[in-house]
Each structure stands twice: as C-alpha cells, then as structure tokens.
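Below: the structure, in structure tokens.
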Amino acid sequence: MVRRFTPDAEGPLKGVKVIDLSRLVAGNMTSLQLGDFGAEVIKVEPPAGDPLRAWKDGGASFFWKVYGRNKRSIALDLRRPAAMAALWSLIDGADVLIENYRPGTLEKMGLGPDALHARNSGLIVLRVSGYGQTGPYAHLPGFGTIVEAMSGYAYRTGFPDREPVLPPLALADMIAGVYGASAVTTALLAREKGQAKGQVIDLSLLEPIFSVLGPEAAIFAKTGTVKERIGSASNTSCPRNVYICADGKYLALSGSTQAVAERIFRIIGRADMIDDPRFATNADRIKHRDLVDAAIGGWFSARTSEDALQIMRDAGATVGPIYSIADAYEDKHFRERDVFVDLEDADFGALPMHNVLPRLSATPGGFYRPAPELGADGEAILAEIGLAPDGIAAALDVSQ
C-alpha cells in the first residue's frame, strides 16, 4: 500500500516552528524527528542547497528524499542584507533554531545566542558541532568520521589482527540527531512549565557516540583495562558471536544471561559444559571464549541456516539471521510491522523509507509533506510572516 502525504494532518508538535540552518546529517536528523511529529520545519538553504542533496545513488538524491521529508525549503543567500532581514523575520516567530556552523561562525554572522535571545527570548537554539562550543578542539572542523575515530568507537570495532573499522554510515550524526531531538523537546517542555525561557543546547557529535561505549571510562579508570577489538564476539558476555552455517549463511547468537547460555549448551548437545568450571559462569566463559565458539560453531556448521534458526528459536535461544537490506526488504516482520513504508513520490511513484519513530499510541507522528525541491516554499513562507511582495522578491533574489 502506497501512503499519501497528508499536509492537513496534525501531530503532537503542531504549532512548534523550527528554523533549520544546518547542513548534512545531524541537524537534518534532529529536524526530521521534530517534523515527523508535526513541527513546522523550515529548511533555510544556501542558493546551492543543502549538501545532503548531492549525496546521490543512481543519480537520485535518496538521502534528501528521506531526511528532507516533513520540511519546507527556502533558499536564502545570507550574505545579502535583504535575505538576512528575512531570516530575522523568521527567527522572530520561531520556537527552535538549529545550526551546525563551526563554533564562532554564528556570532560573526550577527546571529549569536545573545543577539537571538534579545529578539526572541523564548528561542531554543540547538548548536551542533564536532567537538562542542568549548574546549581545545572546538575550532576544528568535526565531521562524523573523525569523531567516530576519536570517540573510541572505531578502536573497538573490527578484528584484533586488522585495522580499526569505521562505521559505513553516518553513525555519529544519527546518534547526535536523536539526542538533539530529545534535547529540543526537553527544552520546549521546560519553557512550557516556566522553568526557563529560551536556552542554548550545546550538542557535539563526539559526546553522543562516546556515550554508547557505556562504562568503559569507569572500567579503565579503576582497573586499567583497555578493551580491545574482538570481532563479532564480546568482552562482556559469552556466548556471543556470528556463526557460519552449512549453506554459507551467517547467524548471530547471544547468550548474555546465565539461563540462555545454559539453554544454548543444551540445544547443541553439550549439557556437560554447564557444570564444567571453564564455562560455569559468564566470567569463566569469557576466559575460554575460543572453546565456547568452537563448540557452538561446530553445531552451526553442520546445519543449514534455516534449520539452525528454527531449532534455536523453538528452544528459546536468542538467535537471528545476518540480513542485507535485500533480506530485510522481503522479511514478513518488517512488512507486517511497517518498519519501512512506501510513500508516494513524484519521481518514482512510490519510495520506501523508515517509518516514524518512536510509535506513540495516542499522539503518533505522520507523513505531512514530501522532501521539498530547493527553495520551493520560499515565497509562501515569507508571505505567511507578513513580508510584502517587494520584500519577498528582494529576499529571494539570488542573482545579485
């Protein structure tokens, strides 16, 4: 079923006006979350457009189609006084401003937090940067790749005899975007409750991805242990790994609790391992991980992935297949749960993309408008805030 965009529908953030000055992923991920739940998101783009539009596959900007949904676009050359005046008019009536310039740039543009709050005291300003607004690295350009490396994430990813592995996608930006949306809604709630007026949110790409490492800082500080790369296994629990089956397909298995680990040993016909002191506890199993993997890996290698998966699931083990996007696209759970949905698209007729997340029972989000063409909404946006036709023409004139 192809879903239609419903511009007149209302989400729980209806009435929240967001001005998004950001480029590429983290800011767009934040405003996507807000737009999915009904906020009015206005993308203020340079005349050349958000660089995310240039990320293309097969000649099409699928990144923009996904992360530009539920937004409107206005193209402004902020080097021109008329365009800057139009931006200020937008800011005057906004609830949220998102930017990801290098720290200090916004101030040079005359748009620092003090100036913004002097005009709009209730404005929530989300400042996204690589390393934050302060600190020795604040002035450095901070793309996600670099902070994924510096955070410790890449150091932990991959196999011990190979180089560290960077994620093959904009992971730091995505995580920061989710944090950003959470921070914005928290600040809006604080404003509504009278705990604050406007405020500034200092969101780096570095700190959110560092947070997913859990207690590693505490572990290092108190034990001196630096956790090393271990492939698909785990320094924390055992059994946990990826195993190849007789048909060449891979299954992932996790026995992170004692009960499940014992269940797995029974399934593979090695109940003797339960009482073996080498495998009796999780700590013991971690010390003898190679032996655990050899026993479990031998069981998987003697069976097809379909048979092994069915046996394990029937017995209550936590196991699942390693999917490509092609596998996920055909999986009945993904389909029946609408993990992705087919949305109407002017170029392709229909285009699958991830559903609105998370799922709220009483105030769900929705699909209100497709990703806009560059500057498509400029005249309407400026007319809505009361600019006269000549003022609109001057603000949008990119020929000067």
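Go through segment 102-128 and give me each residue that's over 21 Å from Leu205 (Cβ atoms), free of Cβ contacts under 8 Å to residues at least 60 places away in the same chain, in a helix (DSSP H, G or I) and not hydrophobic (A, V, I, L, M, F, W, C). Within segment 102-128, Lys108, Asp114, Arg119 meet the criteria. Residues in segment 110-121 that are buried (at least 16 other Cβ atoms within 10 Å of the Cβ) and either under 24 Å from Lys14 (Cα atoms) or hydrophobic (A, V, I, L, M, F, W, C) (or both): Leu111, Leu116, His117, Asn120. Within segment 34-48, the only residue that satisfies the criterion of being open to solvent by 10 Å² or more (accessible area, probe 1.4 Å) and closer than 14 Å to Ala376 by Cβ is Pro47. Considering only residues in segment 226-258 that are charged (D, E, K, R), touching a residue at least 60 places away in the same chain (Cβ under 8 Å) and more than 16 Å from Arg303 (Cβ to Cβ), the one that is surrounded by the fewest Cβ atoms within 10 Å (Cβ to Cβ) turns out to be Glu228. When segment 52-101 is filtered for residues that are assigned to a helix (DSSP H, G or I) and charged (D, E, K, R), the ones remaining, listed by number, are Arg53, Lys65, Asp92. The number of residues in segment 369-400 being more than 25 Å from Met29 (Cβ to Cβ), outside any helix (DSSP H, G or I) and in contact with a Gly (Cβ under 7 Å, 6 or more places away or on another chain) comes to 1. Filtering segment 217-252 to residues that are part of a helix (DSSP H, G or I) and out of contact with any Lys or Arg (no Cβ under 9 Å at 6 or more places or on another chain) leaves Ala217, Ala218, Ala221, Lys222, Thr223. Listed conditions (1) touching a strand residue (DSSP E or B) at 6+ places or on another chain (Cβ under 7 Å); (2) without any contact (Cβ under 8 Å) to a residue 60 or more places away in the chain; (3) within 30 Å of Ala217 (Cα to Cα) are all met by His139, apart from (1).
I'd like the full set of residues that are open to solvent by 30 Å² or more (accessible area, probe 1.4 Å) and outside any helix (DSSP H, G or I), limited to segment 277-292. Listed by number, the residues that qualify are Pro277, Arg278, Ala280, Thr281, His288.
Restricting to segment 64-101, and then to whatever is out of contact with any helix residue (DSSP H, G or I) (no Cβ under 8 Å at 6 or more places or on another chain) and free of Cβ contacts under 8 Å to residues at least 40 places away in the same chain, can you tell me which residue is least open to solvent (accessible area, probe 1.4 Å)? Selected residue: Met84.
Do the conditions hold for Asp345, that is, is it more than 30 Å from the chain's Cα centre (by Cα) and among the acidic types (Asp, Glu)? For Asp345, the condition - more than 30 Å from the chain's Cα centre (by Cα) and among the acidic types (Asp, Glu) - is not met. The set of residues from segment 197-225 being free of Cβ contacts under 8 Å to residues at least 12 places away in the same chain and of a type in the set (Val, Ile, Thr) comprises Ile219, Thr223, Thr225.
Within segment 297-323, residues that are closer than 11 Å to Leu253 by Cα sit with their Cβ atoms under 9 Å from residues that are modelled with pLDDT under 95 and not hydrophobic (A, V, I, L, M, F, W, C), at 6+ positions apart or across chains, in these pairs: Thr318/Ser256. Just one of (1) in contact with a strand residue (DSSP E or B) (Cβ under 6 Å, 6 or more places away or on another chain); (2) surrounded by fewer than 16 Cβ atoms within 10 Å (Cβ to Cβ) fails for Glu107. It is (1). Got at least one residue in segment 295-306 being open to solvent by 50 Å² or more (accessible area, probe 1.4 Å), closer than 30 Å to Gln258 by Cβ and part of a helix (DSSP H, G or I)? Yes, there is a match, as at least one residue in segment 295-306 is open to solvent by 50 Å² or more (accessible area, probe 1.4 Å), closer than 30 Å to Gln258 by Cβ and part of a helix (DSSP H, G or I). Taken over segment 190-215, the criterion of being in a helix (DSSP H, G or I), closer than 30 Å to Phe143 by Cα and open to solvent by 60 Å² or more (accessible area, probe 1.4 Å) is satisfied by Glu207, Phe210. Within segment 129-151, if we keep just the residues that are part of a loop (DSSP other than H, G, I, E, B) and in contact with a Lys or Arg (Cβ under 9 Å, 6 or more places away or on another chain), the residue that is most open to solvent (accessible area, probe 1.4 Å) turns out to be His139.
The values are calculated or read from the model by the stated rules, or taken from the named source; none is laboratory data. For clarity, every value in this text was computed on a predicted model and none was experimentally measured. So basically every Cβ, Gly included, is an ideal-geometry build from the backbone, and we count neighbours across all protein chains shown. These accessible areas exclude ligands, DNA and RNA; they are computed on the full protein's heavy atoms, side chains included. Shrake-Rupley method; radii C 1.70, N 1.55, O 1.52, S 1.80 Å.
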